[in-house]
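The values are calculated or read from the model by the stated rules, or taken from the named source; none is laboratory data. Treat the numbers as computed from the prediction; the structure is a model and nothing was measured. Cβ atoms come from the backbone with ideal geometry, glycine included; neighbour counts cover every protein chain shown. SASA here: full protein model, heavy atoms, side chains in, ligands and nucleic acids out. Shrake-Rupley method; radii C 1.70, N 1.55, O 1.52, S 1.80 Å.
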Amino acid sequence: MINLSKLPTGPDKSIDKKKTEKETLAYKEDLFSLQNILYAEKKHSLLIILQGMDAAGKDGTIRHVFSSMNPMGVNVKPFKAPTEEERMHDFLWRVHPHAPAKGMIQLFNRSHYEDILVPTVHKTFDEKVIERRYDIINSFEKNLSDSGTIILKFFLHISKEEQKERIEKRQTAPHKKWKYDPADAAEEHNWKKYMKLYEKIFERCSPDFPWIIIPSDHKWYRNYLIAEEIVKTLKSLKMNYPK
């Protein structure tokens, strides 16, 4: 079982920042080309799930890694607390309509995994109900895969110290104040609960669609690793433009 406390949240000291940033730019050029072929060929779709603690960098990842892509072929869906209408349906009711069509890339900023995380930590549902959700999610992802969707699940792994610093910046930086939510600071007290729960999710909701744990204390390294993984995945499809 994965132990997050033993995994690094930053790059090895031997990794050169400037060189890595150049490689990231090259990957972004690849992403532009590969996305065009994906969109034209319409044989596959790509679902990218971004999970992480508050201030882990989900928004920043979307802004930096996917800025080179054609907006026509990329959709972003953030999942916040369920609305009253959403709570009246099964928990995947709000998720399934955003599954990507062939040729499209869909980004989930948070995802269906929130419907395990939050109810477990805050004990808003019976434990048996939550346990069943693990199997339902595995079946849901298998169904998407059988329909031609490639699934990449990224966990943005930051240290508690880095999270605290980022949340504090949201209180002072003019361009970040709008993102500040007092609830984010309150959730700091549940850090250990969330870490243990993520470890359980990694075990129960893999290996068919394995989680990729991204050290995310340094944004430049996070962007590099995610861009590299997406490029590698798209190249493996051996796509071609239609004749």
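Out of every Cα-Cα pair in the range 37-101, what percent are more than 13 Å apart?
Here the long-distance tail beyond 13 Å is 73 percent of all Cα pairs in the range 37-101.
Taking the Cα atoms of the range 35-143, what is the range of coordinates along each of the three principal axes, in descending order and whole Å?
45, 31, 23
For a protection proxy built on the mean count of beta-carbon atoms within 10 angstrom, sort 127-135, 21-29 highest first, please.
Peptide ranking by packing, descending: 21-29, 127-135.
Looking only at Asn223, Asn75, Asn109, which one moves most when the chain is put into a Gaussian network model with springs between Cα atoms under 10 Å?
The residue with the greatest mean-square fluctuation here is Asn75.
Considering only DSSP beta bridges whose two residues both sit in the chain, what percent are antiparallel, to the nearest 5?
Antiparallel bridges make up about 0 percent of those DSSP assigns within the chain.
At each listed q (0.13, 0.15, 0.16, 0.20 Å⁻¹), what is the log10 of I(q)/I(0) that the Debye formula gives for the range 104-160 modelled as equal alpha-carbon point scatterers?
-0.44, -0.57, -0.64, -0.90
Any idea what diffusion coefficient the chain gets from Stokes-Einstein, in µm²/s, Kirkwood Rh on alpha carbon pairs, 10 °C, 1.306 mPa s?
Translational diffusion coefficient: 84 µm²/s.
Measure out, as a whole number of angstrom, how far apart the alpha-carbon centroids of the range 109-136 and the range 141-158 sit.
The range 109-136 and the range 141-158 have Cα centres spaced 18 Å from each other.
Would you calculate the volume per residue, in Å³, of the smallest convex hull containing every Cα atom of the range 74-132?
89 Å³
Sorted by average packing, counted as other Cβ atoms within 10 angstrom per residue and highest first, what order do 156-163, 11-18 take?
Final packing ranking: 156-163, 11-18.
With a 1.4 Å probe and every protein chain left in place, work out the accessible area per residue of the range 1-73 in Å², rounded to a whole number.
Per-residue accessible area for the range 1-73 comes out at 54 Å².
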